[in-house]
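S.K.: One structure is given below, represented as structure tokens, and several questions about it will come after.
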Amino acid sequence: MSDDPYQSPSKQAPPPVPPAQGERLGDQVGMRLLLPVGNSGWAIASGYLGLVSVLLIPAPFALITAILALRDIRRSKETNRRKHGTGRAVFGLLMGTLGTAAGLLLLTRFLAN
């Protein structure tokens, strides 16, 4: 073995560990960070709509999909196929609420003039 710290190691990285028996891919925390596996579809939609809700038009849709996502995630806890994505849903809820409020404020000011 060489003492050169800049020399690349001769060993390859170990292969990825497959899910254990009875475990789903969405149950692995590292996989959920990289891919939206195991997440509620409503939560994914809510996160993206919340991201573009600064344009004000998709803000009410972000709000609606966030409520549906939180309901979907809560209902999935009663089954054996638990869904994740609460963070995305809360982000969509927050941004949808702020965007809808800003849009309504601008609309009322526009109609008042």
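S.K.: Just to be sure, is Leu63 under 21 Å from Leu106 (Cβ atoms), in contact with a helix residue (DSSP H, G or I) (Cβ under 6 Å, 6 or more places away or on another chain) and not small (Gly, Ala, Ser)?
M.R.: yes
S.K.: For residues that are closer than 11 Å to Ile57 by Cα, without any contact (Cβ under 8 Å) to a residue 12 or more places away in the chain and touching a helix residue (DSSP H, G or I) at 6+ places or on another chain (Cβ under 9 Å), tally how many sit in the range 90-105.
M.R.: Looking only at that region, the number is 0.
Bear in mind these aren't lab numbers, they're just calculated from the coordinates by the rules spelled out. Quick caveat, the model's predicted, so the values are computed rather than measured. When we count neighbours, we look across all protein chains shown, and the Cβ atoms used for this are built from the backbone with ideal geometry, even at glycine.
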